[in-house]
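Each remark here refers to the structure printed beneath this line.
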Amino acid sequence: MPNIMSPRLDFNSSVADLARQMERHAMIRVVNFHNTSRARQTEYREQFARLSREFSPVNEPDLDRYLATGRWHKAKPGVIPGFYEGYRNGYDVIVPLLEEFGLVGWFFVITGFVKTPPGEQVEYARQHDIGMKTREYVDGRYALSWSELREIDRKHVVASHARSHMLIAPLDEAEQESEVVGSQRDFQENLGHPVRTFVSYGGPAYGTHAATDALITKAGYQFVFSNLKIQRLRG
Ligand SMILES: [Zn+2]
C-alpha cells in the first residue's frame, strides 16, 4: 500500500493541482524574483522588455476582477512580477525598469527586515533565510525603507510577506498573531492603510492551517499567494 504522505505522491498531486489551476486561470502568470542586484540590471531589462511585449500589467483591482468573474479584461494575458523579501535593490534597480516598460511590480515585504536598523540588516538576513549573496550598499542598509515603500505603493503593489520569514504553522499563538496580524499593523502604521495581499514563508495556501487561516481573515487580507495558486478570500 502506498504511503500517502510520500514526497513523490505529494509532488505528483501538486503538479496535478498546478495543471488544473493553469487550465482554470490561464490568463495570469507570476514571475518570482528575489535579490535583484544592480550587477544583473541588463538581464532584468531584457526580461521586462520581453514580458511587456507578451503580457499586460496586473494591479490588485485587475486581479480582484479576474478572480471574481473568471474573465480577463485586457487584450494580452497578465503578468505579476513578484519581488520577495523587501530588498532595497527592488527600489533602486527594479522600479525604474518596471516603469520604463509599463509593468506593475508586486513587492512581498518582510516587515521585520524593514524595521531592523541598517547596521544589523545583514545579520538579520543571515538569521532569517534572506539570501545575501551581494554586498552593494556600503551603508549597510539592504532592506527597503518605509519612505521607499510609500513611493512604491503609489504605482505598484506592496504586500505582506509576514514579519520574520519563518514557517508560521509551528509557532505559538502569540508569534503567529505577530507574523500575520502584526505585519499588517506595520503596513497600516507606515503606509497609512492595510495591504490586501499576503504570502507566507514556504508558500502554504490558505486552507492549509486553520489557526493561520483565522489570523489571515482577522488581518483583513483579500488575496493569498502560495506556491501553486492565488486565492481570493472575499470581495
Ligand atoms: Zn521569502
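The figures follow:
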| item | result |
| --- | --- |
| Subset tally (residues that are part of a helix (DSSP H, G or I), more than 14 Å from the ligand (Cβ to nearest atom) and in contact with a helix residue (DSSP H, G or I) (Cβ under 8 Å, 6 or more places away or on another chain)) for segment 98-128 | 5 |
| In segment 24-67, the residues that are within 16 Å of the ligand (Cβ to nearest atom) and touching a strand residue (DSSP E or B) at 6+ places or on another chain (Cβ under 6 Å) | VAL30, VAL31, ASN32, PHE33, HIS34, ASN35 |
| Among the residues listed as GLY131, GLY140, the single one being of a type outside the set (D, E, K, R), within 16 Å of the ligand (Cβ to nearest atom) and either assigned to a loop (DSSP other than H, G, I, E, B) or at pLDDT below 95 (or both) | GLY131 |
| Only one of GLY70, GLY86 that is at positive phi, crowded, with 22+ Cβ neighbours inside 10 Å and either in contact (Cβ under 8 Å) with a residue 40 or more places away in the chain or more than 16 Å from the ligand (Cβ to nearest atom) (or both) | GLY86 |
| Matching residues, segment 46-87, being touching an Asp or Glu at 6+ places or on another chain (Cβ under 8 Å) and assigned to a helix (DSSP H, G or I) | PHE48 |
| Search result, residues across segment 181-217 that are free of Cβ contacts under 8 Å to residues at least 40 places away in the same chain, surrounded by 15 or more Cβ atoms within 10 Å (Cβ to Cβ) and within 15 Å of the ligand (Cβ to nearest atom) | PHE198, SER200, PRO204 |
| Which numbered condition ALA159 misses (of (1) out of contact with any helix residue (DSSP H, G or I) (no Cβ under 8 Å at 6 or more places or on another chain); (2) in a helix (DSSP H, G or I); (3) under 13 Å from ILE110 (Cβ atoms)) | (2) |
| Conditions (1) out of contact with any strand residue (DSSP E or B) (no Cβ under 6 Å at 6 or more places or on another chain); (2) crowded, with 20+ Cβ neighbours inside 10 Å; (3) of a type outside the set (S, T, N, Q): number failed by PHE107 | (1) |
| Among residues of segment 147-170, those that are touching an Asp or Glu at 6+ places or on another chain (Cβ under 9 Å) and surrounded by fewer than 17 Cβ atoms within 10 Å (Cβ to Cβ), counted | 1 |
| Selected residue [at pLDDT 70 or above and within 19 Å of the chain's Cα centre (by Cα)] from SER37, SER52 | SER37 |
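For every residue, the table says whether it meets (1) under 12 Å from the mean Cα position of the chain (by Cα); (2) assigned to a loop (DSSP other than H, G, I, E, B); (3) not hydroxyl-bearing (Ser, Thr, Tyr).
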site	(1), (2), (3)
MET166	no, yes, yes
ALA174	no, no, yes
VAL181	no, no, yes
ASN190	no, no, yes
THR212	no, no, no
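The values are calculated or read from the model by the stated rules, or taken from the named source; none is laboratory data. Everything numeric here is computed off the predicted structure, so don't read it as measured data. All Cβ positions, even for glycine, are placed from backbone atoms using ideal geometry, and neighbour counts span all protein chains on display.
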